[in-house]
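Beneath this line is the structure, given in C-alpha cells, with notes to follow.
Computed from the coordinates by the stated procedures, all read-outs in this text should not be read as laboratory data. Remember, it's a predicted structure, so these values are computed and weren't measured experimentally. Cβ sites come from the backbone with ideal geometry, for glycine too, and all protein chains shown count toward neighbours.
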There are 2 protein chains.
Amino acid sequence: MSRKASLSGFHEWLPAERLVEQHVLDTLRRTFELHGFAGIETRAVETLGQLLRKGEVDKEVYAVSRLAEDEEVAAGRRDPKDPADPKRLALHFDLTVPFARYVVENAGHLAFPFRRYQMQKVWRGERPQEGRAREFTQADIDVVGDGALSPRYDADVALVMAEALGALPIGDFLIRVNNRKLAEGFYRGIGLEDTAGVLRSIDKLEKVGPEEVARLLQEEVGASPEQAAQALTLADIRTSDTSFVERVRALGVTHELLEEGLTELADVVATLHRRAPGRAVADLSIARGLDYYTGTVYETVLVGHEQLGSICSGGRYDALASKGNRVFPGVGLSIGVTRLVMRMLSQQMAVASRSVPTAVYVALTADEDWSEAQDVAALLRERGIPAEVAVSAEKFGKQIKYADRRGIPFVWFMGRDDAGARVHEVKDIRSGEQHGADPADWTPPAEDLLPQVARAQD
Amino acid sequence: MSRKASLSGFHEWLPAERLVEQHVLDTLRRTFELHGFAGIETRAVETLGQLLRKGEVDKEVYAVSRLAEDEEVAAGRRDPKDPADPKRLALHFDLTVPFARYVVENAGHLAFPFRRYQMQKVWRGERPQEGRAREFTQADIDVVGDGALSPRYDADVALVMAEALGALPIGDFLIRVNNRKLAEGFYRGIGLEDTAGVLRSIDKLEKVGPEEVARLLQEEVGASPEQAAQALTLADIRTSDTSFVERVRALGVTHELLEEGLTELADVVATLHRRAPGRAVADLSIARGLDYYTGTVYETVLVGHEQLGSICSGGRYDALASKGNRVFPGVGLSIGVTRLVMRMLSQQMAVASRSVPTAVYVALTADEDWSEAQDVAALLRERGIPAEVAVSAEKFGKQIKYADRRGIPFVWFMGRDDAGARVHEVKDIRSGEQHGADPADWTPPAEDLLPQVARAQD
C-alpha cells in the first residue's frame with residue numbers, strides 16, 4: 001500500500017494484497033449465495049442515454065470509443081460524435097443502472113422476486129483521493145419484484161449485509177437506516193416543499209456541521225431559522241430500537257407521508273434490532289444525497305473509521321426499472337469493496353498468511369527425478385494441497401531458501417535409503433522440523449493448507 | 001443463448017448461464033491455485049503507449065476519456081487529444097500486455113519465478129461474429145523469470161492447462177504445440193528470410209487451405225514454388241510423440257535455429273506425451289500469427305468444434321518484459337473463457353441443475369412466524385445449505401408453485417401438532433415426497449446442496 005499507483009486512482013494489488021481482496025469477495029459471495037442470491041454480471045459499458053436517464057447529471061463518466069473511429073474523426077473523414085449523444089458508449093459508474101436495464105431486457109426470463117448479487121468493477125473519473133478511486137469494485141445485492149415487493153425485504157437485505165460484513169475481518173460496523181418518506185413527510189409537515197433541496201443540505205451534516213447546514217437550508221431552500229432548526233432536530237435523532245418514533249412524535253409535526261415513513265422504518269429497525277442486535281440503528285440524518293430512493297435508505301460506517309465514509313449503502317426504489325406500464329420495485333445495498341480493502345490494507349486490519357497458494361515445494365535432488373516429483377505433487381493436489389515442483393536439482397539450502405523467499409511453508413525431499421529405495425521427507429521450513437512422509441497420505445495442518453486471511457492482532 | 005445482446009458483441013448471461021461460466025472460472029481458479037499460481041488483477045485501462053509498444057498495430061482498441069473532457073473539447077475550451085497520444089487511456093485488449101507492465105512496476109515486490117493467474121474481461125472493437133465478442137473474459141497463466149526461465153516451464157504450463165481444461169465439462173480437446181525457432185530456422189534453411197511473413201501466411205492455412213497459402217507465400221514473401229511447397233510440407237507434420245523430429249530431418253534442411261527448436265519442442269512434447277497422453281500433439285502448422293513469441297507456441301482445439309478456433313493459446317517470450325538491462329522471460333497460456341462458454345451454452349454441452357443457489361424455501365403458514373422461519377433458515381445456512389424465507393403467509397400450493405418456478409428443490413413447512421407444538425416438515429417438490437425434519441440436522445442430498453454444472457447427456 002505504500003506503493004504509488006502508476007496511474008492515479010487505478011490501484012493494483014500485490015499478490016498478498018489481492019488475497020485479502022479475494023477473501024473479501026469470496027466471503028461476500030458465500031453469504032449472498034447462502035441467502036439465495038443468484039450471481040450475474042453485466043457488461044462494462046452502457047449507452048450514455050442509459051447512464052444519464054436517472055436524472056443524475058454525473059459528468060464524471062468515462063466515455064468509450066473505438067480508436068479507429070477517433071482516428072477517422074481526427075483525419076476529417078468522419079464527423080465527431082456529439083459528446084452527449086445518447087447512443088455513445090461509456091463505462092458504468094455503478095451496478096444499479098446496469099442491473100435495472102438487465103431486469104427490463106430479461107424480465108421474461110427471470111423469476112420474481114429476483115434476488116441477485118453482482119460484484120464488478122465500476123469507473124468514475126473523479127479526482128482521486130483517500131478512499132476514492134477511479135476504478136473500484138462494488139458488491140451489490142438487490143431484490144426486485146414485479147409490480148410489488150414486500151417491505152419485509154427492506155429488513156432482509158440489511159440482515160444479509162450485516163451477516164456478510166460480520167464475516168469479514170473488519171471489526172465493528174453499524175448500519176444506519178432512515179426512510180425517505182419519513183424525512184420528506186416531516187419537511188412538508190413543517191412547510192418545506194423542496195424536500196430534495198433539504199436532503200441535499202442534510203446530507204452535508206457530517207462534513208460541515210449543523211451551523212453550516214442551518215445556513216444552507218435558509219439560503220438554498222428558503223427555510224426560516226425555525227424550520228432549519230426543526231430539520232436539524234430531526235436529523236439529530238438516532239436510536240438502536242424503535243424509540244425514535246416517540247422522539248419524532250414529540251416534535252409535534254404531522255403529515256401522512258411522515259406516518260407512513262415512521263411505520264416502515266419502525267418495522268425495519270424492530271427486525272434488525274431483534275435479529276442483528278448492535279449492528280443497526282435508526283439514524284434520521286441519513287439522506288443519501290442525490291440518489292433517487294423512495295423509502296428505506298442505508299449507510300454503513302466502520303466503527304473507528306467513520307471518516308472513511310459509508311462502506312455499504314443503498315435503499316429502496318419504488319420503480320428501480322419499468323417496462324411499459326410494468327414497474328419493478330427494488331431494494332438493495334452496495335458494498336464499496338475497494339474502499340474497504342484499501343482501508344483494511346493501509347491499517348493492517350487483515351493479513352494473508354502467505355502470498356502464494358503453494359503449501360508444498362517439491363525439491364529436486366537429481367534433474368531426472370522431475371517426472372517422479374510431479375507424481376508426488378499430483379498426489380498432494382488430489383487431496384487439495386497446492387504444490388509446485390522445482391525445475392532443476394539444486395543444493396538443499398538453495399531450495400529451502402527459494403521456498404522461504406516465496407513464503408511456501410513446506411519443502412518435500414525425495415531421497416534414497418542405504419538400499420537405494422526411495423524415501424520421502426517433508427520439512428516445515430519455519431520450525432525446521434523434518435520427518436518421513438508418504439505422498440499418498442501426508443497432509444499439512446489445516447491452517448497451512450491454503451493462505452489464510454485473518455484479522456491482524458491489535 | 002437465443003436472446004440477442006442489446007449491444008452487439010457484449011454478451012450478458014442469464015442466471016443459469018452465468019452459473020456455467022462461474023463453474024468454469026471456479027474450476028480454472030482451483031486448478032491454477034493447486035499448481036501454485038497466485039491470482040492478480042490489473043486495471044482495465046492502459047496508456048495507448050503501453051498497449052501499442054509490442055509493435056502490434058491493432059487499431060481495434062477502445063479509447064477511454066472523461067466525458068467532461070470531451071465536452072470541453074466540443075465547446076472549444078480545450079484542444080482535442082491526438083488520437084495516437086501515447087498517454088491516452090484505452091481498455092486492455094489482452095492480459096499479457098498489462099501483466100508485463102505489472103511485472104516491471106512491481107519487480108521489487110515479486111519473488112521469481114513468479115507464477116500468476118489472471119481472469120478478467122478484455123475488450124476489442126472488432127466486428128462481432130460467432131465466437132468473437134467485443135467484451136470477453138480471458139483466463140491466463142504465466143510463469144515469469146528474472147533473467148532466465150527453465151525450458152521445463154514450457155511443459156509445466158501446458159500440463160496445468162491440460163488439467164484445467166480436463167476438469168471442465170467440455171469433452172475432448174487437443175493442445176497443438178510448435179516452436180518458433182524450429183519454424184524460423186527451417187524457413188531460413190530453405191532460403192526464406194522474411195520468417196514473419198511466412199508465419200503470417202502459414203497462419204491462414206486452416207482458413208484458406210494449402211493452395212491459397214502457396215500462392216500467398218509466392219506473392220507476399222517472394223517464395224519460389226519449391227520453397228512454398230517445402231514450407232507447406234513442414235506445416236503438414238503432426239505427431240503425438242517426438243517422431244516429428246525424424247520427419248523434419250527427412251526433409252534435409254539444416255539450420256542452427258532449426259536444431260535448437262527441434263530439441264526444445266521434442267522436450268516439451270515428450271513430457272506432455274508422458275504426463276498427459278492424448279492431450280497434446282506436435283503440430284508444425286501452428287504459427288500464432290502476429291504474436292511476438294520466441295520459442296514454444298500453443299493452440300488448443302475442442303475436438304468436434306475445430307471451426308471454433310483456438311480456445312487456449314500462448315507461448316514463450318524471451319523477453320516478456322524488460323527494465324533497463326534486466327529481462328523477464330515468460331511462458332504462458334490464455335483461455336478464451338467467453339468463447340468457450342458461448343459454445344458450451346449454444347451446444348448445450350453443460351447445464352446447471354438449477355438457476356438459483358437456494359436449496360430450501362422456508363414457507364410461511366402465518367405472517368407472524370417470519371422471524372422463527374428465519375431461525376430455521378439460519379440453522380440450515382450454518383451447515384452450508386442455501387435457504388430463503390417467504391415474506392408472507394400463502395397457501396401451500398402457491399408457495400410450492402413459487403419455489404418450483406424458481407427451481408428451488410425443497411420447501412420447508414412449519415406446522416403445529418395436535419398439542420400445539422411446532423412440527424417441521426420438508427418436501428422435495430420434484431418427487432412430492434414429504435417428511436418430518438429437524439432444522440438443526442436435516443441436510444439435502446449432496447447433489448442438491450448447490451447448483452451443479454455437469455456435462456449434458458449426449
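What does the structure give for A:8-14 when I average, per residue, the other chain Cβ atoms found within 10 Å of the residue Cβ? Don't jump to the answer; show the numbers that get you there.
Numbers: counts 0, 1, 6, 2, 9, 5, 6.
What the average comes to for A:8-14 is 4.
Residue and distance for the chain A Cβ closest to the axis that moves A onto B, in whole Å, come to A:Val64, 3. Counts of other chain beta carbons within 10 angstrom of each beta carbon in peptide A:25-38 average 5. Since only A:Ala280, B:Pro210, B:Ser346 are under comparison, the one whose Cα sits farthest along the positive direction of the charge dipole of the protein assembly as shown, derived from C-beta charges on Lys, Arg, Asp and Glu, is B:Pro210.
Around the Cα centre of chain B, unit charges on the Cβ atoms of Lys, Arg, Asp and Glu (plus for the first two, minus for the last two) sum to a dipole of about 460 debye. Across identical copies of the chain, A:Arg416 has label-point separations of 8.1 nm, listed in ascending order, with the point defined 7 angstrom from Cα along Cα→Cβ. Each other copy holds its own label point for A:Glu193; taking that point as 7 Å from Cα along Cα to Cβ, the gaps run 8.6 nm, nearest first.
Under the definition of partner shielding as Cβ atoms of other protein chains within 10 Å of a residue Cβ, what is the mean value for peptide B:104-117?
Values: counts 1, 5, 6, 0, 1, 6, 4, 10, 3, 4, 3, 6, 3, 1.
Mean partner shielding for this stretch: 4.
Rg/Rh, computed from the Cα trace of the range A:236-337 with Rh as the Kirkwood radius, has the value 0.99.
Database remark: amide H of A:Ala111 closer than 5 angstrom to no amide H (H placed geometrically; neighbours at sequence offset of 5 or more, or on other chains; Pro and chain starts carry no H).
The loop-placed trypsin sites (Lys or Arg not before Pro) in the range A:3-64, going by DSSP, that have at most 12 neighbouring Cβ atoms within 10 Å of their Cβ come out as A:Lys4. Considered as an equivalent ellipsoid built on the Cα gyration tensor, the range A:143-290 has semi-axes of 27, 18, 14 Å, the largest given first. Averaging the sequence gap over all C-alpha pairs within less than 8 Å and six or more residues apart, then dividing by the number of residues, gives chain A a relative contact order of 16 percent.
Note on the range B:409-458: with charges restricted to the Cβ of Lys and Arg (+1) and Asp and Glu (-1), its dipole about the Cα centre is near 180 debye.
Shown here is the pair-distance distribution of chain B: with all Cα-Cα distances grouped in 20 Å bins from zero up to the longest one, the shares run 21, 44, 26, 9, 1 percent. In this entry, the protein assembly as shown is assigned a mean projected area of 44.6 nm², taken as a quarter of its C-alpha convex hull surface. Farthest toward the positive end of the dipole of the range A:405-458, out of A:Pro439, A:Ala454, A:His424, is the Cα of A:Ala454, where the dipole comes from beta carbon charges about the Cα centre.
At q = 0.13, 0.15, 0.21 Å⁻¹ the log10 of I(q)/I(0) for the range A:295-369 amounts to -0.65, -0.73, -0.96, computed by Debye summation with a single uniform scatterer per C-alpha, solvent ignored. Averaging the sequence gap over all C-alpha pairs within less than 8 Å and six or more residues apart, then dividing by the number of residues, gives the range B:1-136 a relative contact order of 36 percent. Among residues other than A:Glu206 with Cβ under 12 Å from its Cβ, the summed charge is -2 (Lys and Arg +1, Asp and Glu -1). For the range B:86-127, a crude dipole built from +1 on the beta carbon of Lys and Arg and -1 on the beta carbon of Asp and Glu, taken about the Cα centre, is about 140 debye to the nearest 20. Value of Rg to Rh for the range A:333-432, rounded to two decimals, is 1.16; Kirkwood radius and Rg both from alpha-carbon coordinates. Give, to the nearest whole percent, the P(r) tail of the range A:295-334 beyond 17 angstrom, counting all Cα pairs. Tail of P(r) above 17 Å: 45 percent of Cα pairs. Distances, shortest first, from the label point of A:Lys207 to those at the same position in the other copies read 5.3 nm; the point lies 7 Å along Cα to C-beta. Each stretch of four or more DSSP H residues adds -39500 (n - 2.57); spread over every residue of chain B, this sum gives -11500 deg cm²/dmol at 222 nm. By the combined test of axial Cα extent (at least 24 Å) and Kyte-Doolittle hydropathy (mean at least -0.5), the qualifying DSSP H helices of chain B come to B:15-34, B:256-275. Peptide packing: for A:228-236, A:213-221, B:246-254, the average count of neighbouring Cβ atoms within 10 Å per residue gives the ranking A:228-236, A:213-221, B:246-254, highest mean first.
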